[in-house]
Amino acid sequence: MNLNQVGEAEHLTKVSFTKVSLRKSKSKVLLILTGLTVSMSCAHLPTTTQMKGSVSARNLAEAYERSAATVRTEYDGKEITVRGYAALAAIMPAQGADQGSVLLEDKELKSTRQVVCWFSKEQSETFSRIKGDQYVTVKGIFNGEVGADLKFCKLVEVE
């Protein structure tokens with residue numbers, strides 16, 4: 001082998017090595033991007049402390065604030081499960097009234113974004129377990145006419 005052939009062989013080896021390195025780099029970048037995509041798409045999913053299939057009061061109220069129309073399209077008239085922080089005790093139906101309510105929010109933010117859960121007087125005994133400063137999970141029919149409201153609520157869990 002003469003010097004020209006040795007030089008060409010070294011050059012081809014370097015080119016081949018560079019191609020393999022680039023493929024590995026592309027694979028690493030693709031793997032990282034795939035991981036980020038999966039991570040970002042799962043950001044809206046419930047946390048492990050939430051009931052499977054539930055939405056947090058914070059997420060629901062914030063989404064409603066951003067676009068009431070979008071939230072109404074997705075949830076209006078549908079039964080959903082919501083978990084949130086009840087800072088105050090449930091408000092029992094007044095004399096002659098048919099409904100009571102409980103406000104669900106995010107404990108950490110103490111924002112004005114709240115989900116109002118309306119329950120019938122027949123549910124009063126169950127909802128009287130909500131004394132305030134508790135996490136609560138409820139199930140109800142979403143109605144977004146005035147705000148992020150749930151009608152015909154049933155108490156699922158008080159933590």
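The values are calculated or read from the model by the stated rules, or taken from the named source; none is laboratory data. Since the model is a prediction, treat every value here as computed from it, not as a measurement. Note that we place each Cβ from the backbone using ideal geometry, even for glycine, and neighbour counts take in every protein chain shown.
Here are some notes:
- Hey, residue 83 of a type in the set (D, E, K, R), in contact with a Ser or Thr (Cβ under 6 Å, 6 or more places away or on another chain) and within 21 Å of residue 56 (Cα to Cα) or not: yes
- Residue within the range 103-117 that is over 29 Å from residue 73 (Cα atoms) and at pLDDT 95 or above present: no
- Annotation note: of 81, 47, 13, 34, the sole residue that is polar (S, T, N, Q) and modelled with pLDDT of 95 or more is 81.
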